[in-house]
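Data block below; observations after.
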Amino acid sequence: MHKIGMFFLLVCFTAPLNGQIENLRLGLHISPAISLMGTNDETIPRDGGNLGIQIGGIGEYYLTDNLSLTSGLSLSFHQGGKIRHDRGGNFFPNSELSDDELNTGDKPLPDGVRLTYSLQYLELPFALKIRTAEIGYYRFFVEVPKLSFAFRTQARGDIEGQGVNEEKENIRKDVGFFNFFAGFGIGGEYALSESNSAFFGLYLDKSLIDLTSNDGYKAIENPDSLPGNDNDNYFIQPDISRATLTRIIFKFGLLF
């Protein structure tokens, strides 16, 4: 919570600049988000999504009445999703889990294990915003391209499978620190006064960088293993799958 407080103090101290810099508007937003995690490996299918939220500040610099550059600073909570590993193994080898047995040995996690990723990011978005002329009290807009630099501040994971059911494990060391999102958005503004307006928008974006460290591995049972020889029980394969996020974001806010 202290991060949220520091963020809004920053917004409050910079808000007076709105009246001092020509063509600049500032604002705040709160944005529910649905995120889905997927991979390029057919043995690691998507198994559900997360409902999260973004909160943040916005700055818009108007090049013309209908064209602006937008940026800001946002905190994104509970981003991620659920994936299922049809082949078990060790998928959090670097993390400090609550039970060492969850990432020790050839196959600490069973076939069919379900992993839920809950990630928190500090994001710096940038976009080109194109607005229509006024239609009564309304203007409509498109933001394209919308780009966002994302810095992971927290990563938690749930592990659910045969013989294991753990929640809120610290998996930060097996999740990349930096990511980059690209997408677009559409929406509208409603004028509350000459200088203030409310806005709403629908955005779609996708991460372009692998979320995971790829230090884990799959453990596939060896049908030809010899009794008493523990060294040939499994075929060990590096988990080099590429995991990405797709997000649908519903943005609501005020511009001053």
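Any read-out appearing in this document is the output of simple, stated calculations on the displayed coordinates, not a laboratory observation. All of these numbers come straight from a predicted model, not from anything done at the bench. Cβ sites come from the backbone with ideal geometry, for glycine too, and all protein chains shown count toward neighbours.
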Tilt of helix 2-14 relative to the longest C-alpha principal axis of the chain, in degrees (0 to 90, nearest 10)?
20 degrees
Which Cα, out of Gly38, Gln237, Ser71, lies furthest along the positive dipole direction of the chain (beta carbon charges, K/R +1, D/E -1)?
Ser71
FRET E, pair Phe200, Asn222, Förster distance 45 Å, beta-carbon r, rounded to 0.05
0.20
Below 8 Å between Cα atoms, with a sequence gap of 6+, how large is the relative contact order for the stretch 82-162 in percent?
32 percent
Cα-centred dipole magnitude for the chain, charges only on beta-carbon of K, R (+1) and D, E (-1), debye, nearest 20
1180 debye
Kirkwood Rh and Cα-based Rg: tell me the resulting Rg over Rh for the chain, rounded to two decimals.
1.11
At a Förster distance of 41 Å, what's the computed FRET efficiency of Arg46 paired with Thr104, Cβ-Cβ distance as r, to 0.05?
0.90
Which of these, Glu22, Glu160, Glu221, has the largest mean-square fluctuation under a Gaussian network model of the chain (Cα springs below 10 Å)?
Glu22
